[in-house]
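Notes follow once the structure below has been shown.
The numbers here are math on the coordinates, done by the rules we state, and not lab data. Note that this is a predicted model, so its numbers are computed, not measured. Cβ placement follows ideal geometry from the backbone for every residue including glycine, while neighbour counts extend to all protein chains displayed.
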Amino acid sequence: MSKPFAADQVATEEAILRLILDRGGSPDADLIREIIATALKLVEEKASRGDLKIINSALKEMRYAFKVFAPYRHIRKVTIFGSSRIGEESPEYRQARTVAREVSALGFMIITGAGDGIMKAGQEGAGRERSFGVNIRLPFEQRPNPVIQGDEKLVQFKYFFTRKLIFAKETDAIALFPGGFGTLDEAFEILTLAQTGKGQPLPIVFVDAPAGGYWREWEGFVRRQMLDRGMITPQDTALFRITDRVEEAVEEVAGFYRNYHSSRYVQDGRLVIRHLSPIPDEALAHLNAEFADIVVDGRIERNGPHPDETNEPELADLPRLIFRFNRRDFGRLRRLIDAVNAAAAGPPAGPPRPVARRDGDRLSHA
């Protein structure tokens, strides 16, 4: 006679817990238990071999990528997207190389897709030591470029979806250069995450060749076919900037972290914005007057560390703003962050402060 279901489930969970303890235990044993239990459900549900292969490969790719990035989570990073087919003598290539060199000099590391063209330019600019490669295995391209080939910070992917997850999860800024279908796919993925609040706020800058029109023509399509027809809102266009000047691209990245540090939601639903310099009374009054439309109730107020932030003791000294954000108007939230940065006089002071990011924050903001 078989055991009752409940008893069988208890026995399974006890066996899983013993496995975890045998591997040394974990403060996050509850989540590991759920991962194992989910895998066992695939047995019960008689999942097909094809489905199992997808799950197996995706899980392995994510586990290894998380391992590679983990030692560098405290360092801010800029992801550079663009065509693999742009030659080294092109103005776009030179722009990408220069942007990467200048932001890496400010303390950022660079993430690219590890291929040729714009990706290689980004890694040439940053140098091997300050570069990550997130490569995709394709039948006709792309081999890792010589700058990142063989480096411990190079990760190979079978699936585009796991690769894009890592780009989005591990970055603190996005710089997009002209490219083909893949670049536009990455652009709209990042914009969708920003528009829906599925990631932390971050700077997104589209960089053209000097006097180039690639991104301006793209913007024209976005405005005519999306904005004018009501498919996006005017505030959505605040989520990104377009430029053909290196200094403006670098400022868009570095300036975003001039005073703003990070943000998170706490259990009571309010949004906490951590920043580096205190907000003067006059600036706080301006924030409340200018951004009352995105505050559900109450006001934007100064605050110390919230009890829910005890798992981030490294950030306890930072001043904070707290308010009940409507979780809808993320373009307006970006403008609020711009105003927080404007309240800090002068350029960023030295390298960007370590992030002390909680794992997964980039894709769990909302």
Review point. Applying the Karplus parametrisation 6.51 cos²θ - 1.76 cosθ + 1.60 with θ = phi - 60° to the phi angles of region 94-110, what ³J(HN,Hα) value in whole Hz is obtained for each residue in order, glycine and proline being reported as x?
Key: 5, 4, 5, 5, 5, 4, 4, 4, 6, 6, 5, 5, 8, x, 7, 9, 10
Practice item. For a quick protection proxy, order the peptides 85-94, 295-304, 124-133 by their average other-Cβ count within 10 Å, most packed first. Key: 124-133, 85-94, 295-304
**Study point:** Gaussian network model of the chain, springs between alpha carbon atoms under 10 Å - residue of Asp185, Asp51, Asp172 with greatest fluctuation
**Key:** Asp51
Check your understanding: Tell me, what HN-Hα J-couplings in whole Hz come from the Karplus equation 6.51 cos²θ - 1.76 cosθ + 1.60 at θ = phi - 60° for each residue of region 280-289, using x for Gly and Pro?
Key -> x, 4, 5, 5, 5, 4, 5, 4, 5, 6
Exercise for review: Please give the FRET efficiency for Asp268 paired with Ala292, using the beta carbon to beta carbon distance and R0 = 25 Å, rounded to the nearest 0.05.
Suggested key: 0.80
Exercise for review: Give the percent of DSSP beta bridges with both residues in region 153-292 that are antiparallel, rounded to the nearest 5.
Suggested key: 45 percent
Study note, to complete from the structure: With Rg from the Cα atoms and Rh as the Kirkwood inverse mean 1/r over Cα pairs, region 5-69 has an Rg/Rh of 1.02
Practice item. At q = 0.12, 0.14, 0.15 Å⁻¹, work out log10 I(q)/I(0) for the chain with the Debye formula, treating every Cα as an identical point scatterer and leaving solvent out; two decimals please. Key: -0.98, -1.24, -1.36
Check your understanding: For Thr38, Thr112, Thr12, Thr171, what's the fewest-to-most ordering of other Cβ within 10 Å of each Cβ?
Key -> Thr38, Thr12, Thr171, Thr112
Check your understanding: If you build a Gaussian network model of the chain, linking Cα atoms that sit under 10 Å apart, which residue out of Arg258, Arg335, Arg49 swings the most?
Key -> Arg49
Point to revise | Cα centroid of region 32-92 to Cα centroid of region 269-347, whole Å | key: 33 Å
Practice item. Using amide H atoms built 1.01 Å from N in the peptide plane, name the residues 5+ places from Ser263, or on other chains, whose amide H lies under 5 Å from its own. Key: Arg274
Review point. For region 24-159, what is the largest minus smallest coordinate of the Cα atoms on each principal axis, given in angstrom and ordered from greatest to least?
Key: 57, 37, 20
Review point. Rounded to the nearest 500, what is the chain's calculated 222 nm mean residue ellipticity when only DSSP H runs of at least 4 contribute -39500 (n - 2.57) each, over all residues?
Key: -13000 deg cm²/dmol
Revision key, fill the gap. Per GNM of the chain with C-alpha springs under 10 angstrom, the most fluctuating residue out of Phe256, Phe323, Phe160 is Phe160
Practice item. Please give the net charge around Ile148, taking every other residue with its beta carbon less than 9 angstrom from that of Ile148, where Lys and Arg add +1 and Asp and Glu add -1. Key: +2
Practice item. Please go through the residue pairs Lys77/Lys153; Lys46/Lys198; Lys120/Lys164; Lys60/Lys120; Lys67/Lys164 and name each one whose alpha carbons sit more than 24 Å apart in this structure. Key: Lys46/Lys198; Lys60/Lys120
Exercise for review: Set the Förster distance to 30 Å, then compute FRET efficiency between Arg324 and Glu282 from the Cβ-Cβ distance, nearest 0.05.
Suggested key: 0.85
Point to revise | Dipole in debye (nearest 20) - the chain, about Cα centre, beta carbon charges: Lys, Arg +1; Asp, Glu -1 | key: 660 debye
Check your understanding: Based on the Cβ-Cβ distance from Leu138 to Glu89, what FRET efficiency comes out when R0 is 25 Å, to the nearest 0.05?
Key -> 0.50
**Study point:** Gain upon complete extension [Phe66, Phe221; 0.36 nm per residue less C-alpha separation]
**Key:** 52.1 nm
